[in-house]
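One structure below.
Here, each number is a calculation from the coordinates, and none is a lab measurement. Since we're looking at a predicted model, the values are computed, not measured. Don't worry about glycine lacking a Cβ; one is built from the backbone with ideal geometry, like all the others, and counts go over all protein chains shown.
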Amino acid sequence: MSDRIIYLDHAATTPLDQQVLAAMLPYLSEQPGNPSSIHQLGRVAMHALDDAREAVALILGCTRKEIIFTGGGSESDNLAIKGVALAQRQRGKGSHVITSTIEHHAVLHAAEYLEQFGFEVTQLPVDAAGLVRPDDLRAALRPDTALVSVMYANNEVGTIQPISELGAICHERGVPLHTDAVQAAGMLPLDVDALNVDLMTLTAHKFYGPKGVGLLYARHGVPLMPQINGGGQERRRRAGTENVPGIVGLAAALTMAEERRPSYVARLRELRDRLIDGAVGSVPQSWLNGDRERRLPNNANLGFACAESESVLLLLDQEGICASSGSACSSGSLEPSHVLTAMGLSVEHATSSVRFSLGQGTQPKDIDDVVAALPTLIARLREMAPCV
Ligand SMILES: *Cc1c(COP(=O)(O)O)cnc(C)c1O
């Protein structure tokens, strides 16, 4: 095992920033109040919650009332999909939901869940680069469509969808658009009006905030049925005592991410291209998955023919390099990523792909070390298990 860790799995989660931790600490110790309490400790907590909401609303270009704090990205996706679909059906708007084939499972499985209750779900296809075609959305919209959900940037291949254009098409037909913007935060603009979205999911641990806290932006007037019932918190849209330290951390992390975004993006893009060009240039029969230009500045999803991704990950791990694959191991056999297969990759190619996602701590030397390690590592695997 290597003693130096090269962490290239920021799309899975990011380390908590020290300044964010410092902002949270008072609310983890000397300020224990519940924002619903009348007394002074409650008021301090309520004040912190208000400040956090204000800071987030400023970045999203919305009002404070349109922000719902949740327990993370999966919860926000579930609230958007189930909450809007059920509320729309109750209003007689129909029970058809549109998503895409490359969504995160929090969206895909929430939509599948609705099918059990009589909803119909259409999954928009993507092209070979992983992009949704606006014409496909136009063709899929129906008079009974209750909601469209298409992610802003994909977590596996990093492709960036034409969200504003998709939003305009939805709005011509009076259908709300939800976007999972989890991977976009800190990398792409989040102004909800410019994006033409009615609902948007974010989660703090993907931008150097704490785990277990996220938000759903819900445009004023969009019908939404709460999915967690109980107290009247979050304007009756999400019950439960607010995670005050988490929410304070989310706001601090998002503010920092937004402030440094231009320089962060420029730096990561350069490192990402160094990795893509270096790896594809030095490993025979290797390729980049996803659109080269319209992709997140920190994502390099690379394929290596005749090298199973799980084996690549194990050998990388022995060198102290943390990466990831979209494949899941179920009952001993490798399930190919639903994203890569939707893009038209064969099962062989889809199970030979590895995601490197860069972040704050990534240094040029890290990239050079990975590029230097890959050719021998892949050659070793191909020798051990020759391609048939
Ligand atoms: C990580 C992620 C989620 C889930 O967020 P959690 O906070 O882990 O529940 C949802 N969507 C995308 C695109 C993600 O990358």
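Odds and ends about this structure:
- Value of [θ]222 nm, deg cm²/dmol, for the chain, DSSP H segments ≥ 4, -39500 (n - 2.57) each, nearest 500: -13000 deg cm²/dmol
- Partner lysines for K93 [C-alpha distance under 21 Å; skip if fewer than 8 residues away on the same chain]: K82
- Footprinting exposure proxy for M225, M200 (fewest neighbouring C-beta atoms within 10 Å first): M225, M200
- Contour excess over end-to-end distance, with Cα ends at H105 and E293 and 0.36 nm allotted per residue: 65.2 nm
- DSSP H segments from the chain that extend 20 Å or more along their own axis, Cα-based, with Kyte-Doolittle mean of -0.5 or above: 40-60, 73-90, 244-259, 261-282, 364-384
- Net charge of the neighbourhood of V132, taken over other residues with C-beta under 14 Å away and scored Lys/Arg +1, Asp/Glu -1, is -4.
- Close amide H partners of S324, meaning residues 5 or more places away or on another chain with modelled amide H under 5 Å apart, are R355.
- Angstrom value of the Kirkwood radius, inverse mean 1/r, which spans all Cα pairs in the chain: 21.8 Å
- Among C322, C170, C306, C387, the ranking by other beta carbons within 10 Å of each residue's beta carbon, starting with the fewest, stands as C387, C306, C322, C170.
- Neighbour counting of Cβ atoms within 10 Å sorts the residues T99, T201, T179, T341, fewest neighbours leading, into T341, T99, T179, T201.
- For the range 166-226, trypsin sites (Lys or Arg not before Pro) meeting the loop criterion (DSSP other than H, G, I, E, B) and having at most 15 other Cβ atoms within 10 Å: R173.
- Database remark: amide H of Y208 closer than 5 angstrom to the amide H of T14 (H placed geometrically; neighbours at sequence offset of 5 or more, or on other chains; Pro and chain starts carry no H).
- Whole-number percent relative contact order across the chain, with pairs defined as alpha carbons under 8 Å at least 6 apart: 22 percent
- Seen from H205, the other residues with C-beta closer than 14 Å to its C-beta sum to a net charge of -1, counting Lys and Arg as +1 and Asp and Glu as -1.
- Efficiency of FRET from Cβ geometry, T241 and D144, R₀ 25 Å, rounded to 0.05: 0.10
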